[in-house]
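Report on one structure; see the data block that follows.
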Amino acid sequence: MLQIRPIDVEKVLKERKRFSISVERAVSKIISDVEKRGDNAVKYWTKKFDDVDIEEFQISRQEIDSSVKKIPGTDRQLIKQAIKRITDYHKRQRINQFVIKEKEIRISFRTKPVTRAGLYIPGGTAPLVSTVLMTGLPAKIAGVKEIIACSPPSYNGSIHPYIIAALHFIGIDKIFRVGGAQAIAAMASGTQTIPKVDVIAGPGNIYVNAAKKMLAGTIGIDLLAGPSELAVLIDDSANSDFIIADLQSQEEHNQSMIFLVSEDSAIARKISNNVKGGYWIKIDSMDSAVGIINRIAPEHLQIVCKNAHAIAEKLIAGAIFIGNYTPCTIGDYIAGPSHTLPTGGSAVFDSGLNVFDFMRSYAIIEANSQFFKKHGIIAERIAEIENLPHHKMAIEIRRKHLKKIR
């Protein structure tokens, strides 16, 4: 049953984002070992945590072909339909390059994909086909030339056939049966077998996220996606049976956080009686809901109430789902945007995984002498204010030279 009581949102979220000292120490040890011993360290930690002896990390072409053959034709078609929807959405995200042309200067804004990206696909007990698509397709659409994937050997000492097949369907065949912090460390530093990547993307457990956090800066990361969150804002227009099903779906995730926000006691009580855990936050008005939800800044936010679109414009969440027929589960699988979203309140500053996580932008600048005549004095004075005389000189010497050749 949902708890009907005030909660300290900041305290709840802080606890969820914090890595314990013991976790950080363990992960630091793993990272250091992988950096020093490469494949041997990865084998050691895989045996310790997964109880699997790995001789060959990389999935062979034979195992890829075998995995694909195990997927029923109907499932292949459904997966490929999901691929098309997710691809169509992410293609629209790509930034167009542009050029600013003036008489004195030309500036080109460019975007290019990183050279190599690494995906982390959690294993556990379920074959997370959706995570393959939601991480791999943005990387492919960004134009990354080489993409590798790591996933724990949790299926008979290897990777589940559905995960292998899904990776193959989107053109990723460099797949390694390695999980946990050791997989992140291996992709960040490179080993004898696993290549070093520029960016790592994909959700994981507390050890995976701790490794990503510690290695951010050494490599790029997408975001630290922790346990799943769902906040549902409803009024009497909500279908209570739908909302019960949505909240129960989130209970399938370990350590998930559930919030029901409503001023309608009758419908909220009915829903509460059918959900095992979480919080019912009773509000006095829809206006008061804005401040509460924005303090939570949940990963998923469902709004099932009148004037939902106007309310949505005021709210902060990783992704917002509007109406009785838009559960966050369609975002998990087929809507289009990636389901790898900011958690723990980080939606206030972070975004869901997208093509930009696999791209870098830069400018090409070409000025001529007329630019110095017209604008050089501005740069000189700012350098002077900042007490950087050599910066000033780099501008001034050119302006003086132009005066001589008049």
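The values are calculated or read from the model by the stated rules, or taken from the named source; none is laboratory data. Everything numeric in this text was worked out from a predicted model, so none of it was measured. Cβ sites come from the backbone with ideal geometry, for glycine too, and all protein chains shown count toward neighbours.
Here are a few things to note about the model shown:
- Any hit, the range 253-273, residues being without any contact (Cβ under 8 Å) to a residue 24 or more places away in the chain and acidic (Asp, Glu): no
Matching residues to (1) modelled with pLDDT under 95; (2) among the aliphatic types (A, V, I, L, M):
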residue: Met187; (1), (2): no, yes
residue: Thr193; (1), (2): no, no
residue: Asp198; (1), (2): no, no
residue: Gly204; (1), (2): yes, no
residue: Met214; (1), (2): no, yes
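- Looking across Ala312, Ala266, Ala289, one residue alone is at pLDDT 95 or above, under 21 Å from Ile234 (Cβ atoms) and out of contact with any Ser or Thr (no Cβ under 7 Å at 6 or more places or on another chain). It is Ala312.
- All positions within the range 287-301 that are part of a helix (DSSP H, G or I) and crowded, with 19+ Cβ neighbours inside 10 Å: Ala289, Ile293, Ile296
- Filter result for Ile382 (surrounded by fewer than 19 Cβ atoms within 10 Å (Cβ to Cβ), assigned by TED's automatic domain parsing to the domain that holds Ile244 and β-branched (Val, Ile, Thr)): no
- Checking every residue in the range 199-222 against the condition of being over 30 Å from Glu146 (Cα atoms), in contact with a helix residue (DSSP H, G or I) (Cβ under 9 Å, 6 or more places away or on another chain) and not β-branched (Val, Ile, Thr) gives zero matches.
- Pairs meeting the criteria (first residue in the range 122-140 and farther than 16 Å from Phe358 by Cβ, second residue assigned to a helix (DSSP H, G or I), beta carbons under 6 Å, at least 6 apart or on different chains) are Pro127/Tyr162; Pro127/Ile163; Val129/Tyr162; Val129/Ala166; Ser130/Asp332; Ser130/Tyr333.
- Helices (runs of 4 or more DSSP H) contained in the range 302-406 and holding at least 2 residues under 30 Å from Ala142 (Cβ atoms): 328-333
- Within the range 228-248, the set of residues being over 24 Å from Ser288 (Cβ atoms), free of Cβ contacts under 8 Å to residues at least 40 places away in the same chain and among the small types (Gly, Ala, Ser) is empty.
- Of the residues making up the range 84-112, those that are surrounded by 14 or more Cβ atoms within 10 Å (Cβ to Cβ) and either within 21 Å of His168 (Cβ to Cβ) or out of contact with any strand residue (DSSP E or B) (no Cβ under 8 Å at 6 or more places or on another chain) (or both) are Arg85, Ile86, Thr87, Tyr89, His90, Gln93.
- Strands (runs of 3 or more DSSP E) lying entirely in the range 63-172 (those with 1 or more residues that are in contact with a helix residue (DSSP H, G or I) (Cβ under 6 Å, 6 or more places away or on another chain)): 105-113, 116-120, 146-150
- Among residues of the range 92-122, those that are over 17 Å from the mean Cα position of the chain (by Cα) and farther than 30 Å from Ile365 by Cβ, counted: 0
- Of Lys29, Lys43, Lys14, all but one fail to be part of a helix (DSSP H, G or I), modelled with pLDDT of 95 or more and farther than 19 Å from Gly124 by Cα; the exception is Lys29.
- Number of the exception - Ile244 against (1) at negative phi; (2) surrounded by fewer than 24 Cβ atoms within 10 Å (Cβ to Cβ); (3) outside the structural domain of His309 (by TED's automatic domain parsing); (4) at pLDDT 95 or above: (3)
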